[in-house]
Structures are given as structure tokens and as C-alpha cells.
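Structure, as C-alpha cells:
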Amino acid sequence: MGLLLGDGHIQKRSINGNSRFIYAQSSLRIQHLNYFKHILELFKPYLSKNFNLKNRNFTDKRTNKIYSSVSFATLSLPCFNDYKNLFYNSNNLKIVPSNISQILSPRGLAYWIMDDGSLQNKGLHLNTYGFKEEDVLLLKQNLENMFGENSLKCSIHKHKKGERIYIWEESMVLLKNNISQYMHKDMLYKINSSPRVIKL
């Protein structure tokens, strides 16, 4: 769930065919590559025996800088069809499922943050640029109520790319206490934490 809120995608190549999961990493710094390898290992049972990673170069039209990316795609399988139906509308645009509060767990939140989270002024931004305004609001409301009576304090910030969710500094300890155990050690910097699990 967290990966699909982040950099993961589901693709169905034919109307009556099954779906496949696609994941790409465009930041090739060592910690991001280690995290990519972790994701790749999770999906290894769903890859073909003759699987190869795909590498490509692309140019950022805004800066004219050349970047590299690495990606993989699973086999097309029935198990991914439910995720396609949850996260994509009839126009094949990615959406936030209306029942996100029931299906996003602390582990899913950890993976979402590892994909799209960034520290900002001792708080955390979740880059939700690809979602519509109503979807971003739904995600914000879900985060605020995710841990029961202990609510995360969140707000929506405007950015030139779109809207993003900000988790306030005063909520970071609560966030760490609930998701640190699910974070890859090379991604713990995104919540400004050590590899040790934080306990109350």
C-alpha cells in the first residue's frame, strides 16, 4: 500500500489480462540503491526467471540535467489485479482508495515515507504531487487519525509541483515510535532517527 502511494505503479497491458507491479528508483545514491535492492528482494517471488533490471537515462526538461534510473517489473499476475482496481480509476489515473484508513498500516506508512518523505524544518514532507486535491485531503485526514487518540498534526502545503502533506515537528516522536521498526536502515535519516527502534 505504501509503495503504491509512493513510487510504485500497477500496469495492465490488456483489458482481459492480469496486472503487474512496476517500481523505479531515480536517485542512485548508495542509500537509495540499497533500499531499491530491498524492494527488489521483496518482489523476487513475482519476477520471471529471466528477469533483468532496466536502466535508462533521461533529461529533466526544467534543468536540462541528465539523470539515471533503475527499475523492475513483475510478472502479470492475478494477485495484482485488486491493487489495480483500488488505486486506479476508469481513466487509468492513480487515485487514493476511499477506504485508505482501513488498508494503510504503520508498515505501509513507513514504505510511503521511504519513497516520498523528506525532512523539512524538523518535520516531514510527504510529496503527494501526483494526486488530486481531494485525494491529498483524504490522506491528510487518514494520517491525523491513524494512531487513535494520539493524533499526528498535519497540514497541506502548496508547492509549484502541486500539494504536499507536512507532518509537524511535535508529531515526529509519535511517528518514529510507530514506524521505525519497519524502516530500512538506510532510510532512517528520513525521520531523523538511528537504526535503533524508538520505544516509549
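Using just the helices of the chain, give the 222 nm mean residue ellipticity in deg cm²/dmol: DSSP H runs with n ≥ 4 each add -39,500 (n - 2.57), and the total is spread over all residues, rounded to 500. Could you put the intermediate results ahead of the total?
Numbers: 7 runs with 59 residues, N = 200.
Result for the chain: -8000 deg cm²/dmol, rounded to the nearest 500.
If S98, S19 are ordered by their accessible area, calculated over protein heavy atoms with a 1.4 Å probe, which sequence runs from highest to lowest? Write out the running numbers ahead of the final one.
Numbers: S98 110, S19 0 Å².
The most accessible residue leads, giving S98, S19.
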### Query
How large is the convex hull of the Cα atoms of region 92-200 per residue, expressed in Å³ as a whole number?
106 Å³
### Query
Are there trypsin sites (Lys or Arg not before Pro) in region 1-69 that DSSP marks as loop and that have at most 15 other Cβ atoms within 10 Å, and which are they?
R13, R29, K49, K61, R62, K65
### Message
Based on Cα coordinates alone, diagonalise the gyration tensor for region 8-88, multiply each eigenvalue by 5, take square roots, and list the semi-axes in whole Å, largest first.
### Response
25, 16, 11
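Semi-axes, largest first, in whole Å: what does sqrt of 5 times each Cα gyration tensor eigenvalue give for region 1-42? Provide the component values of the computation, followed by the final result.
Details: eigenvalues 120, 18, 17 Å².
So the equivalent ellipsoid measures 24, 9, 9 Å along its semi-axes.
Using a ≥ b ≥ c from the Cα gyration tensor of region 140-196 (square roots of the eigenvalues), is it rounded, prolate or oblate, where a/c under 1.5 gives rounded and otherwise the larger of a/b and b/c decides, a/b for prolate?
Oblate shape, in that a/c is at least 1.5 and b/c is the bigger or equal ratio.
Please tell me the relative contact order of the chain in percent, rounded to the nearest whole number, where contacts are Cα pairs under 8 Å and at least six residues apart. Could you put the intermediate results ahead of the total?
Numbers: 311 pairs, mean separation 40.8, N = 200.
Answer for the chain is 20 percent.
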#### Entry: Within-9-Å neighbourhood charge of K12 [Cβ basis; K, R +1; D, E -1]
+3
### Query
Distances over 18 Å make up what percent of all Cα-Cα pairs in region 60-109?
58 percent
### Query
How large is the dipole of region 68-200 about the Cα centre if only Lys and Arg carry +1 and Asp and Glu carry -1, each at its Cβ, rounded to the nearest 20 debye?
340 debye
### Task
Would you tell me the accessible area of E134, worked out with a 1.4 angstrom probe on the heavy atoms of the protein chains, in Å² to the nearest 10?
120 Å²
### Y182 accessible area, 1.4 Å probe, all protein chains in place, Å² to nearest 10
80 Å²
### Message
Strictly greater than 19 Å: what percent of every Cα pair in region 46-158 meets that?
### Response
62 percent
#### Entry: Tail weight of P(r) past 28 Å, computed on alpha-carbon pairs of the chain, percent
29 percent
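The values are calculated or read from the model by the stated rules, or taken from the named source; none is laboratory data. Treat the numbers as computed from the prediction; the structure is a model and nothing was measured. Please note: Cβ atoms are built from the backbone with ideal geometry, for glycine as well, and neighbour counts cover all protein chains shown. Note: accessible area is taken over every heavy atom of the protein model, side chains too, but ligands, DNA and RNA are not part of it. Shrake-Rupley method; radii C 1.70, N 1.55, O 1.52, S 1.80 Å.
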